[in-house]
Amino acid sequence: MPIPTRRENLFFALLTLIVMMPTATLRAADSVQVDDASNPFAWFDPIIETHRLIQDRFVTTPDMPALQQAVIDAMIEELGDPYTVFVPNEMLGEFNKSLRGEYAGIGATVRTEDGWMTIASPLEDSPAIHAGIMPGDRVIAIDNETTFDEPLQASIDRLTGVPGTVVTVTIERDDKQFDLDITRRQITPRTVEGFARIGDGWDYLIDPINRIGYIRVTQFNAPTTEEFRAAINNLQSTGDIGALIIDLRFNPGGLLPAAIEIADLFLENGVIVSTRGRAGEDETVYAVAEGTLSDFPIAVLANRQSASASEIVSAALQGNGRAIVVGERTFGKGSVQGVVALPSGAGQIKLTERHYFGPANKVIHRTDDSTVWGVDPDPGFFSPMTNTEYNAMLRVRNTRSIIHRTNENTEEQAPTEPGALVEYIRETLSDPQLAVAVDAIEQRLTSGEWIATGEDVDGDSSLEVVELQRIRSARDRILRELDRIDRRVAAIEGEIDEEDAEAIDLIPEDAEIVNGSVEIFDAEGNRVVTLHITDEGLRRWLNGAPVERIDQE
């Protein structure tokens, strides 16, 4: 069950407040002084009075629980903070599961393929892998009920359940079908990954010649610090660490203590993070020398989806001069939430209580009117990527994350010749940001200095220009979608013919257009500009555009 939205959330808070308040005498609404310090309950008077009037006198019987939820949601909505939510009791299980990053099931990533649930990969040390589940297995039934054309989440819900219970999955593999009885248990997905698979484990060395390690953190949960230390120990077991890449791209954050602990591994002293809010004293967390790893070059990979705890790590290492940051400006989620149970027992509120700041009081949090936020890449290491480039990179990454049937590293081995690794990462792995980081570290190990291998953050490719282009692109997509909806509305209302309501398919669906070009000519036939096509989304962009086809072949 998903966590409720604000609009779905609006009720328990007000009635909870009403139940907790003493009885008040009805009075005219305009006589209430809500700022009267001598009467701390005056603020609640009009709410209680409205509640009583509706309950006693409204023409039909009101749905009081729905009204209560509406009041709670209205208060939270007015805060204008997307991270503050009310969670009623019936949703606490799912909410707590999302906080812990745990669930009870068989332990596998899945996808839909040809209408069937299909195993993308079993998870490490999971009931699925111990039962013999393999990548590509088709789950045609769960407890003898088919998965065909069932929504994927519905199938996942049937696989999860109470720890210790058994679920029977019917597997189709190599044109053979068989049943597997799998005992569910608590699953805590790993949040630390390496460069390439070795059986059901990871190879954390991206460059064995220069001893460059690579650790990717997907989220900051309770086990993350222990997993990160294990990855470091794995690297140190075969020799000294020459350098390290910490990949925090697409990391949405998580637990603040885990971020602090990981940053502290690399810092002998200095500010890790400061937090400020109205409740309690301002707090500053400092690094301690005990347990600090030896000094070696570090590059942190971050992008516009790196948020919250991942921004704390990035800011701490960059702000203390311990690492460079490569990639893009981060998301800008610089707020800390506390989870408070209501005394009435009606539920919990996840409430934004503090904002956090990096070293030198660097602002992290982004608001609608912010011009500076998050963590910027270091000068010379800005490496923006388009959505198309990210999709290509993630397809390769997901393929390399699959646990294979043997215990050997089945991936193509990365080249070790000077310069060849960077080209391999850029071309074969489709990851220009990682290529910039590896190139930077290799040159740092050779020259002793950080030499720019990406773009600077000034000029036409500045962070602000890229962000402005992204926002304008998002706005244009929304406007085009609104135009399409308006055309549909007009068609239904009979103002235009139904066939005119759909935009003409200007580009055949089977045409490969990426890396092609568009030429614009003026009315005299003179070429104005030639545009390089970087994304399949051109079809969507042309939907509703003021153009028409003149060549129908």
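Would a scan of the range 148-171 turn up a residue that is touching a Lys or Arg at 6+ places or on another chain (Cβ under 8 Å) and over 26 Å from N221 (Cβ atoms)?
For the range 148-171, residues touching a Lys or Arg at 6+ places or on another chain (Cβ under 8 Å) and over 26 Å from N221 (Cβ atoms): present.
Counting just the residues of the range 225-253 that are in contact with a Lys or Arg (Cβ under 9 Å, 6 or more places away or on another chain) and among the polar types (S, T, N, Q), which one comes out farthest from R190 (Cα to Cα)?
T238
Could you check the range 274-291 and list, in sequence order, the residues that are assigned to a loop (DSSP other than H, G, I, E, B) and loosely packed, with under 15 Cβ neighbours inside 10 Å?
Answer for the range 274-291, where residues must be assigned to a loop (DSSP other than H, G, I, E, B) and loosely packed, with under 15 Cβ neighbours inside 10 Å: R278, A279, G280, E281, D282, V288, A289, E290, G291.
Within the range 140-160, can you find the residues that are in contact with a helix residue (DSSP H, G or I) (Cβ under 7 Å, 6 or more places away or on another chain) and either under 15 Å from Y103 (Cα atoms) or assigned to a strand (DSSP E or B) (or both)?
Within the range 140-160, I142 is the sole residue that qualifies.
Which of the residues that make up the range 250-273 are in a strand (DSSP E or B) and either in contact with a Cys (Cβ under 7 Å, 6 or more places away or on another chain) or on the phi < 0 side of the Ramachandran plot (or both)?
Scanning the range 250-273 gives V271, I272, V273.
The rows are residues; the columns are (1) surrounded by fewer than 22 Cβ atoms within 10 Å (Cβ to Cβ); (2) assigned by TED's automatic domain parsing to the domain that holds R138; (3) touching a residue at least 40 places away in the same chain (Cβ under 8 Å); (4) under 28 Å from the mean Cα position of the chain (by Cα).
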site: K176; (1), (2), (3), (4): yes, yes, no, no
site: A196; (1), (2), (3), (4): yes, no, yes, yes
site: D200; (1), (2), (3), (4): yes, no, yes, yes
site: I215; (1), (2), (3), (4): no, no, no, yes
site: T218; (1), (2), (3), (4): yes, no, no, yes
site: T224; (1), (2), (3), (4): no, no, no, yes
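Counting only residues that are modelled with pLDDT of 85 or more and more than 11 Å from L180 (Cβ to Cβ), how many does the range 123-133 have?
Here the count works out to 2.
What single numbered condition from (1) of a type in the set (S, T, Y); (2) over 27 Å from G419 (Cα atoms); (3) surrounded by fewer than 22 Cβ atoms within 10 Å (Cβ to Cβ) fails to hold for T238?
Single failed check for T238: (2).
Condition first: without any contact (Cβ under 8 Å) to a residue 24 or more places away in the chain, exposed (fewer than 15 other Cβ atoms within 10 Å of the Cβ) and farther than 23 Å from T188 by Cα. Now tell me which residues in the range 128-168 satisfy that.
The answer is E145, P151.
Does V271 satisfy being more than 20 Å from T224 (Cα to Cα), in the same structural domain as E442 (by TED's automatic domain parsing) and not basic (K, R)?
When the stated conditions are applied, V271 passes them.
Which residues, counting only those in the range 46-88, are assigned to a helix (DSSP H, G or I) and loosely packed, with under 13 Cβ neighbours inside 10 Å? Before you say what the answer is, go through the steps one by one.
Here is the first cut: in the range 46-88, the residues assigned to a helix (DSSP H, G or I) are 46-57, 64-79.
Selection gives L53, I54, Q55, D56, R57, P65, A66, E78, L79.
Can you tell me which condition R395 does not meet? The list is (1) at pLDDT 90 or above; (2) part of a helix (DSSP H, G or I); (3) surrounded by fewer than 18 Cβ atoms within 10 Å (Cβ to Cβ), and all the others hold.
Only one criterion is unmet by R395, namely (1).
When you go through G321, G380 one by one, which is the residue that is in a loop (DSSP other than H, G, I, E, B) and loosely packed, with under 14 Cβ neighbours inside 10 Å? Don't jump to the end; show me each part of the working.
On the way: G380 fails: loosely packed, with under 14 Cβ neighbours inside 10 Å.
So the residue among G321, G380 that is in a loop (DSSP other than H, G, I, E, B) and loosely packed, with under 14 Cβ neighbours inside 10 Å is G321.
Out of curiosity, is A452 among the hydrophobic types (A, V, I, L, M, F, W, C) and assigned by TED's automatic domain parsing to the domain that holds N303?
Against the criterion (among the hydrophobic types (A, V, I, L, M, F, W, C) and assigned by TED's automatic domain parsing to the domain that holds N303), A452 does not qualify.
Working only within the range 324-347, note down all residues that are surrounded by fewer than 20 Cβ atoms within 10 Å (Cβ to Cβ), under 22 Å from the mean Cα position of the chain (by Cα) and not β-branched (V, I, T).
Q337, G338, listed by residue number.
Is one or more of the residues making up the range 348-356 among the basic types (K, R) and buried (at least 16 other Cβ atoms within 10 Å of the Cβ)?
Yes, that holds for at least one residue.
If we only count strands (runs of 3 or more DSSP E) wholly inside the range 199-249, which ones have 2 or more residues that are modelled with pLDDT under 95 and over 27 Å from W450 (Cα atoms)?
Of the strands (runs of 3 or more DSSP E) lying wholly inside the range 199-249, those with at least 2 residues that are modelled with pLDDT under 95 and over 27 Å from W450 (Cα atoms) span 201-203.
Could you please tell me which pairs satisfy a Cβ distance under 6 Å, a separation of 6+ or placement on different chains, a first residue in the range 71-99 that is under 21 Å from I47 (Cα atoms) and at pLDDT below 85, and a second residue that is of a type in the set (A, V, I, L, M, F, W, C) and in a helix (DSSP H, G or I)?
P88/F12
Restricting the range 315-374 to residues that are in contact with a Phe, Trp or Tyr (Cβ under 9 Å, 6 or more places away or on another chain) and of a type in the set (S, T, Y), which is farthest from V438 (Cα to Cα)?
The selected residue is S344.
Step by step: first the residues of the range 115-126, then only those that are touching a residue at least 60 places away in the same chain (Cβ under 8 Å) and either not small (G, A, S) or not in a loop (DSSP other than H, G, I, E, B) (or both), then the one that is nearest to G199 (Cα to Cα). Which residue is that?
Applying the first criterion (touching a residue at least 60 places away in the same chain (Cβ under 8 Å)) to the range 115-126 yields 120-126.
Retained after the next criterion (residues that are either not small (G, A, S) or not in a loop (DSSP other than H, G, I, E, B) (or both)): 120-125.
Details: A120: 15, S121: 12, P122: 11, L123: 11, E124: 9, D125: 11 Å.
Taking the candidates together, the pick is E124.
Please find, among R173, R249, the residue that is charged (D, E, K, R) and within 18 Å of I298 (Cα to Cα).
None of the other options fit; the residue is R249.
Select from the range 453-474 the residues that are within 26 Å of D295 (Cα to Cα) and either surrounded by fewer than 16 Cβ atoms within 10 Å (Cβ to Cβ) or hydroxyl-bearing (S, T, Y) (or both) and list them in ascending order.
Listed by number, the list holds a single entry, T453.
Could you check how many residues of the range 363-377 are crowded, with 19+ Cβ neighbours inside 10 Å and not in a loop (DSSP other than H, G, I, E, B)?
Qualifying residue count, the range 363-377: 0.
Against the conditions (1) crowded, with 22+ Cβ neighbours inside 10 Å; (2) part of a strand (DSSP E or B), where does E311 fall short? Just the number, please.
In the conditions (1) crowded, with 22+ Cβ neighbours inside 10 Å; (2) part of a strand (DSSP E or B), E311 misses (2) alone.
If a residue has to be modelled with pLDDT under 70 and in contact with a strand residue (DSSP E or B) (Cβ under 7 Å, 6 or more places away or on another chain) to count, how many in the range 459-517 make the cut?
Result for the range 459-517: 1.
The values are calculated or read from the model by the stated rules, or taken from the named source; none is laboratory data. Just so we're clear, the structure is a prediction, and the values are computed from it rather than from any experiment. Cβ atoms come from the backbone with ideal geometry, glycine included; neighbour counts cover every protein chain shown.
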